[in-house]
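**Student:** This is the structure I have questions about; it appears just below.
Readers should treat all values here as calculations from the given coordinates under stated rules, not as data from a laboratory. Remember, it's a predicted structure, so these values are computed and weren't measured experimentally. Note that each Cβ is placed from the backbone with ideal geometry, even for glycine, and that neighbours are counted across all protein chains shown.
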Amino acid sequence: MTDMENQEKDEILDETAEETEPEHQEELENAASELDEIEGSDELEAEKDRYLRLLADYENFRRRTEKEKLTLFGDATAKCIEQLLPIIDNFERAIDAPCSDEEYHKGMNMILEQLRAFLEKQGVTAVVPLGEAFDPNIHQAIKREEATEEFPENTVCEVFQKGYMLKERLIRPAMVAVAN
């Protein structure tokens, strides 16, 4: 084998090794060492090269499909949570409404707490930015108010609808009024 062929093989192995996960690294090295033991013609070298590239392509494909699965799962979870949010908003409004039946009110609170616990378990957090600086990435300004001592300029002074985040991903921006 010429120095140039050895260098090409080493480059391919290095590229493959960088892209290969540790549990498959040993398998790749074993396959390469088995191929080194076989002396042969240019055809054998071409097949070795083809095999190593195929192995690297497979590892890349496997890693890419795993990433796609996680993305699809995250999208599906976000979509489901997004459809659940109006229900939670309505429960909160129902609890805030005057009610003479304490048992009914207590039951509504219990259901709302179960929904909140479910959201927390899924990694969903509420965005209630009252008094915080306005951030257009997570807030949707729908009204402007005059700045006061309590709410200086560019501060959220009223929250009309909570926003929600799923881990680091915004599901729904908070609808707010901003002080100017």
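**Student:** For segment 114-134, what are the residues that are over 15 Å from residue 153 (Cα atoms), out of contact with any Phe, Trp or Tyr (no Cβ under 8 Å at 6 or more places or on another chain) and not aromatic (Phe, Trp, Tyr)?
**Tutor:** Within segment 114-134, 114, 116, 117, 120, 121, 122, 123, 128 qualify.
**Student:** Which numbered condition trips up residue 161, out of (1) more than 17 Å from residue 78 (Cα to Cα); (2) free of Cβ contacts under 8 Å to residues at least 40 places away in the same chain?
**Tutor:** So residue 161 meets the others, but not (2).
**Student:** I need every pair where a residue in segment 65-79 that is closer than 14 Å to residue 123 by Cα and touching a residue at least 24 places away in the same chain (Cβ under 8 Å) has its Cβ under 8 Å from the Cβ of a residue that is outside any helix (DSSP H, G or I) and of a type in the set (D, E, K, R), sequence separation at least 6 or different chains.
**Tutor:** 74/169; 78/169
**Student:** Please note which strands (runs of 3 or more DSSP E) are completely contained in segment 65-180 and include at least 1 residues that are among the polar types (S, T, N, Q) and surrounded by 11 or more Cβ atoms within 10 Å (Cβ to Cβ).
**Tutor:** Counting at least 1 such residues, we get 124-127, 139-145, 156-161.
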